[in-house]
Structures are given as C-alpha cells and as structure tokens.
Amino acid sequence: QLNEIPDALSKGLNVIVSTHTHEEASYAANLGVHAITYSPIFFSPGKGTPKGLEDLKEIVDTINVPIFALGGIVHQDQIDAVKSMGVYGFASIRYFIQ
C-alpha cells in the first residue's frame, strides 16, 4: 500500500511502512514516512530469504528515516547484532513469547 502514503501523511498520521527491498524503503523514505520496518533480517518461517546484517547496515546507512529491524530476532545476540548496525529499534514476536 505504498501508494497510500501521501494520503495518510496529508491526514497528519504518523506513517510507518513495512518494506522488504531497498527500492521499497527508498521510495517510502522519499515520500516522507516517519519510520520504516525492514525484514526479514534472520530466518523467519514463511517470510522469505533473510536479508542479513550487511544488507540491514546498507539500508540504515542510505535511508534517512528510523529503521526497525524485523524477522527472526529470537536471541539476545541477534538483538545486539541489529543494534550494532545502527537501527532505531527492532520488533519480534518469538523473542518475547519464548
């Protein structure tokens, strides 16, 4: 629903967009979103090929909006790793319910 970003922004909403490619993240950032989620960073069942930490670092270094890392974050060492990439934060379900 990237095409709905301008309408949401025009209504004064805080807009956080889920992205899975550099192109989507760049497009959303250029439209003025407030934050971006990027995933999956690590293996997550049914979520496709993991992006990995190097790819995450590239997104953080090139996109000038807060980035939240998602996908397969289930251990403290993974949290530490994504934090070291400069992300704004992370989100996980399995980390918190294990």
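The values are calculated or read from the model by the stated rules, or taken from the named source; none is laboratory data. Quantities reported herein were computed from a predicted structural model and do not represent experimental measurements. Cβ coordinates were reconstructed from backbone atoms using ideal geometry, including for glycine residues, and neighbour counts include every protein chain displayed. Only protein heavy atoms, including side chains, enter the accessible area calculation; ligands, DNA and RNA are left aside. Shrake-Rupley method; radii C 1.70, N 1.55, O 1.52, S 1.80 Å.
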Review point. Any idea which residue in region 1-19 is surrounded by the most Cβ atoms within 10 Å (Cβ to Cβ), counting only those that are in a helix (DSSP H, G or I) and either free of Cβ contacts under 8 Å to residues at least 24 places away in the same chain or polar (S, T, N, Q) (or both)?
Key: 8
Practice item. Scan region 20-37 and report the pairs whose first residue is more than 11 Å from residue 64 (Cβ to Cβ) and of a type in the set (S, T, N, Q) and whose second residue is modelled with pLDDT of 95 or more and open to solvent by less than 60 Å² (accessible area, probe 1.4 Å), with Cβ atoms within less than 8 Å and a gap of 6+ or a chain change. Key: 37/17; 37/19; 37/67; 37/68; 37/69; 37/70
Study note, to complete from the structure: Within region 42-60, of all residues that are out of contact with any Phe, Trp or Tyr (no Cβ under 8 Å at 6 or more places or on another chain) and charged (D, E, K, R), the one modelled with the lowest pLDDT is 47
Revision key, fill the gap. Apart from one, (1) in a loop (DSSP other than H, G, I, E, B); (2) exposed (fewer than 14 other Cβ atoms within 10 Å of the Cβ); (3) among the aromatic types (Phe, Trp, Tyr) all hold for residue 42; the odd one out is (2)
Practice item. Test residue 39 against the stated conditions and say whether it is polar (S, T, N, Q) and at pLDDT below 95. Key: no
**Study point:** Residues being under 13 Å from residue 90 (Cβ atoms) and out of contact with any helix residue (DSSP H, G or I) (no Cβ under 7 Å at 6 or more places or on another chain) - total across region 34-50
**Key:** 5
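If you take the residues of region 71-94 that are of a type in the set (A, V, I, L, M) and in contact (Cβ under 8 Å) with a residue 40 or more places away in the chain, which of them is surrounded by the most Cβ atoms within 10 Å (Cβ to Cβ)?
82
Residues 65, 82, 33, 74: which one is in a loop (DSSP other than H, G, I, E, B), farther than 30 Å from residue 11 by Cα and among the hydrophobic types (A, V, I, L, M, F, W, C)?
Exactly one residue qualifies, and that residue is 74.
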Review point. Can you name the condition, by its number, that residue 57 falls short on among (1) of a type in the set (Lys, Arg); (2) open to solvent by 80 Å² or more (accessible area, probe 1.4 Å); (3) in a helix (DSSP H, G or I)?
Key: (2)
